[in-house]
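Shown next, in structure tokens, is the structure this report addresses.
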Amino acid sequence: MMTSVRWTTVESPLGALLLTADPTTGALTSLSVPGQKGGRTVQDGWRRDPGPFRDVERQLAAYFAGERKEFRLPLSTAGTEFRERVWAALDDVPYGATTTYGEIAARIGAPRAAVRAVGGAIGANPLLIVRPCHRVIGADGSLTGYAGGLERKTRLLGLEGALGAGGMVSPVSPVSPVSPVGPVSSRAPRPAMRP
């Protein structure tokens, strides 16, 4: 018997957030905003159940109130090894800081030519806000694409204090010296990945 995905919605300053969880472990599998490019939508057979999301809801409320700077939640995503490495690198970008697509590529040990593939992986991030892809900006400091829309990206960066005067992005804050991110599974790390 197949267990159905659990879901609920949570109100936020960005609109109603759709949350999904693994039916077995309760780990958060996605967080989507209304109208999100590639975002999840409720499917037939899914079960609405706010129970598994109480802690997520509390942490999101604290984040939007400016009282929480990082999330401590069980997460479960299903991406290629390359995407999982990119998503894990997002977790290392601290609150109030920004980084670039090129810096993320360097952090995972990908060649400079992989910047577009890194951008594609970031755009496919299923856990908006919680896994902070909104903190990734263009090499020139510009606000580049965000699956949830640039207005939401601006709001999130503003909340975190990463915007300077006039709503411009503050200078890029390096997240740490360049070092490849370790594997996200028990598999041995591979040499530089091809996107």
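The values are calculated or read from the model by the stated rules, or taken from the named source; none is laboratory data. Quick caveat, the model's predicted, so the values are computed rather than measured. Every residue, glycine as well, gets a Cβ built from its backbone with ideal geometry; the counts of neighbours run over all protein chains shown. Protein only, heavy atoms only, side chains kept; ligands, DNA and RNA dropped before computing areas. Shrake-Rupley method; radii C 1.70, N 1.55, O 1.52, S 1.80 Å.
Of all accessible surface on the stretch 1-123 at a 1.4 Å probe, what whole percent is carbon and sulfur? Don't skip to the end; give the middle numbers.
Values: 3060 of 6120 Å².
Here carbon and sulfur together make up 50 percent of the probe-accessible area.
For labels at residue 61 and residue 49 in the simple 7 Å Cα→Cβ model, what's the distance in nm?
A separation of 2.2 nm, rounded to one decimal place.
Take the Cβ-Cβ distance between residue 112 and residue 81 as r, set R0 to 30 Å, and report the resulting FRET efficiency rounded to the nearest 0.05.
Values: r = 20 Å, r/R0 = 0.66.
With R0 = 30 Å, the Cβ-Cβ based efficiency is 0.95.
Mind ordering 42-50, 121-129, 5-13 by average Cβ neighbours within 10 Å, highest first?
Values: 42-50: 11.2, 121-129: 22.3, 5-13: 17.2.
Ranking, from highest mean packing down: 121-129, 5-13, 42-50.
Take residue 37 and residue 70, extend 7 Å from each Cα along the Cα→Cβ direction, and tell me the distance between the two endpoints in nm.
Label at residue 37, label at residue 70, 3.0 nm between them.
Relative to the present Cα-Cα distance, how much length would full extension add between residue 92 and residue 24 at 0.36 nm per residue of separation?
Numbers: separation 68, 0.36 × 68 = 24.48 nm, distance 2.72 nm.
Going from the current span to full extension adds 21.8 nm.
If you count the DSSP beta bridges with both ends in the stretch 1-146, what percent of them are antiparallel, to the nearest 5?
Details: 9 of 15 bridges.
Antiparallel: roughly 60 percent of the beta bridges in the stretch 1-146.
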